[in-house]
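Right, one structure below, let's go through it.
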Amino acid sequence: MKNGKLCRTLGVFALFLPEIRELLREKDFAGIKNLARSINSMDLAEGWRCLEPNDKIIIFKLLGTKKSVELFENLPFNEQTHIINNLNNQEVSQVINDMAPDERADLFKELPKKVFRKLFLLASNEEAKNIRELIDFREGTAGSLMTTEFVGLKKEMTAKQAIIHIQENLRADHRENIYSLFVTDDGHKLIGAIPLQDLLKAPPDMPIKEIMTGAELIKVDVEADAKDVTALFKKYDLLDAPVVGKDNTLLGIITVDDIVETIEKEATKEFYEIGKMSSEGGEIISYAKATTFELVKRRAGWLILLLIFDFLTGTVLKGFEATLSSAVALTFFIPMLLDTGGNAGAQTSITIIRGLATGDVNLKNVLRVIRLEFKSALLMGLIVGAVAFGRAFLLQKDFMLAVVVGTTMLLIAILAIATGVFLPLFSKKIGLDPAVLAGPITTSVVDVVGLIIYFKIAQLFIPGLR
């Protein structure tokens, strides 16, 4: 069976897989229906790739509406496409209309134009309007994260009326967790919020306007950057937040589960970019689904770019060919010097990039950060310089050569840390992602400039090389 070895590692789903296959062989559809419905939707989605293509459609059709939609939302795009292509129009319409608004918008953003038009026609008028509204928001903004699935309250309501209003207007298939209720005026402008537990604890006849919070309400502009929204959730320990337009009109809400997904994508994006790979918006490379072409596509570009940049290293070595031929021992220490410099630069750039991402490094404290890193660069340079001096002297028993290596190590460490500080800050200043520019280039800069420093110092300290 394809993916057999991989499927044995899938935890919960692996326990059900033998029974599912047996029921499929026996065509016991009632048994499949009962078993599949008893499996958590996330576990079912995780193990979905272990099933045969035809079996997937059989199981999907046997699930109830709510369970099938939950499963569909958690499947990767290629699996969603496979299901859509094997359902009739009525079945597709049911799935599309019952999806959470934000999940549905994400699906439509990925669809080819021809498929988009086909599915758009299958959506109800209300859902079609909702799709249009959500997909128009720029990726990476609050609008692209929010859902429009919420129930608004009016300040004239009592607590009892508000609870009845929620019960009457909450869709049966509503799957967003409710942490807060938001209060709007007749023009749908946001004027307050009430934590759900406060509403439930309030006396039945207490007016909403006496329960809600207003002036200190934390809200998010629809065009706000996703990183800023994440920082807001972290700072105030939020579970949800209202999203408003320019005129303070309530457009939707963002819940903490949306933020968790954003944090995961941003972290993945940074890891890949620092590792000199194409981040593809933070999409994780899954070895269960990855192809050779995908791995090459995401890695080759940066490797080629940095290879071209590193041509300069060969050019520098060629320029100091006479120096090398006169003191061959100099070559023994090149890997040590450049590797240590690259490591020092990487340590610093990662710290700065992370600080910029979390807000710990900003325009207000940038001078303090630079001073702190400069002091640490001096101390680190002295430490590794002393170690390099000792290593060179023990290996060659040549004091002047050891001085050259130690001094170079000191200067390269300072150069590397300075590069690790200034490249991310420069990237941020000109509007580029620091991880994209600073992460990969820091090591290459240190290699090229470090070699020039090494040979110039050698010429300065060793008379025979002048």
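Listed here are the pairs 66/219; 269/375; 189/364; 235/429; 154/246; 113/429; which of them are more than 28 Å apart at the Cα?
Exceeds cut-off: 66/219; 269/375; 189/364; 113/429.
Taking H as built 1.01 Å from N, whose amide H comes closer than 5 Å to the amide H of residue 153, not counting residues under 5 places away?
Amide H neighbours of residue 153: 182, 183, 184.
How far, in degrees from 0 to 90, does helix 159-169 lean away from the longest principal axis of the Cα atoms of the chain, to the nearest 10?
Result, in degrees: 90.
Taking R0 as 60 Å, what's the FRET efficiency between residue 197 and residue 379 from their Cβ-Cβ distance, rounded to 0.05? Could the numbers behind the result be given before it?
Details: r = 52 Å, r/R0 = 0.87.
With R0 = 60 Å, the Cβ-Cβ based efficiency is 0.70.
Residue-wise, which Karplus ³J(HN,Hα) couplings in Hz belong to segment 400-417, taking 6.51 cos²θ - 1.76 cosθ + 1.60, θ = phi - 60°, and x for glycine or proline?
Running phi through 6.51 cos²θ - 1.76 cosθ + 1.60 with θ = phi - 60° gives 5, 4, 5, 4, 4, 5, x, 5, 4, 4, 4, 5, 5, 4, 5, 4, 4, 5 Hz.
Given 0.36 nm per residue, what is the gain on full extension from residue 205 to residue 120 after removing their alpha carbon distance, in nm?
26.2 nm
Rounded to the nearest 20 Debye, what is the dipole magnitude of the chain about its Cα centre when Lys and Arg each give +1 and Asp and Glu each give -1 at the C-beta?
1500
If I fit a long axis through the Cα atoms of helix 12-26 and take the longest principal axis of the Cα atoms of the chain, what angle between them do I get, 0 to 90°, rounded to 10?
Helix 12-26 sits roughly 50 degrees off the main axis of the chain.
Measuring from label point to label point, each 7 Å out along Cα→Cβ, what is the residue 113 to residue 236 span in nm?
For residue 113 paired with residue 236, the spin-label model returns 4.1 nm.
Which of 353, 328, 384 sits closest to the plus end of the dipole of segment 326-395, meaning its Cα is farthest towards the positive end, when Lys and Arg get +1 and Asp and Glu get -1 on the C-beta?
Among 353, 328, 384, the one farthest towards the positive end of the dipole of segment 326-395 is 353.
Once you have the Cα-Cα distance between residue 395 and residue 21, take 0.36 nm times their residue separation minus that, and quote the gain in nm to one decimal.
128.0 nm
Round to the nearest 10 and give me the degree value, 0 to 90, for the angle of helix 226-236's Cα axis relative to the longest principal axis of the chain.
Orientation of helix 226-236: about 80 degrees from the principal axis.
What are the extents of the Cα atoms of segment 310-465 along their three principal axes, in Å, largest first?
Taking the Cα atoms of segment 310-465, the three principal extents are 51, 31, 20 Å.
Rank 410, 241, 107 by how far each Cα sits towards the positive end of the charge dipole of the chain (+1 on Lys, Arg Cβ; -1 on Asp, Glu Cβ) and give me just the farthest.
My answer, from the dipole projection, is 410.
Taking 0.36 nm per residue of separation and subtracting the Cα-Cα distance, what length does fully extending residue 313 through residue 246 add?
Full-extension gain reported as 18.8 nm.
At q = 0.09, 0.12, 0.19 Å⁻¹, what is the base-10 log of I(q)/I(0) for segment 4-140 according to the Debye formula with one equal point scatterer per Cα and no solvent? Please give it to two decimals.
-0.29, -0.50, -1.08
Enter the Cα centre distance for the pair segment 211-273 and segment 348-425, rounded to the nearest angstrom.
If you average the Cα positions of each part, the centres end up 37 Å apart.
Based on alpha-carbon positions alone, could you give the equivalent ellipsoid semi-axes of segment 152-257 from the gyration tensor, as √(5λ), descending, whole Å? Walk me through the intermediate numbers first.
Working: eigenvalues 107, 45, 37 Å².
The equivalent ellipsoid of segment 152-257 has semi-axes of 23, 15, 14 Å.
Using the Karplus curve 6.51 cos²θ - 1.76 cosθ + 1.60 with θ = phi - 60°, work out ³J(HN,Hα) for each residue of segment 80-97 in order, rounded to whole Hz, and write x for Gly and Pro.
Values, residue by residue: 4, 5, 4, 5, 4, 5, 10, 10, 7, 4, 5, 5, 5, 4, 4, 5, 4, 6 Hz.
Please state the charge dipole magnitude for segment 310-465, taken about the Cα centre, from unit charges on C-beta atoms (+1 on K and R, -1 on D and E), reported in debye and rounded to the nearest 20.
Roughly 460 debye, rounded to the nearest 20.
Can you tell me what share of the DSSP beta bridges in segment 164-246 is antiparallel? A percent to the nearest 5 is fine.
Working: 6 of 8 bridges.
Counting only bridges with both partners in segment 164-246, antiparallel ones make up about 75 percent.
Would you work out which of 393, 374, 338 lies farthest towards the positive end of the dipole of the chain, given +1 charges on the beta-carbon of Lys and Arg and -1 on that of Asp and Glu, about the Cα centre?
Positive-most Cα among the choices belongs to 393.
Checking a compactness column here: for the chain, what do you get for Rg(Cα) / (2.2 N^0.38 Å), N being the number of residues?
Values: Rg = 29.9 Å, N = 466, 2.2 N^0.38 = 22.7 Å.
That works out to 1.31 for the chain.
Only the coordinates and a few stated rules stand behind these numbers; no lab work does. Please read these numbers as outputs of a predicted model, since none were measured by experiment. Note that each Cβ is placed from the backbone with ideal geometry, even for glycine, and that neighbours are counted across all protein chains shown.
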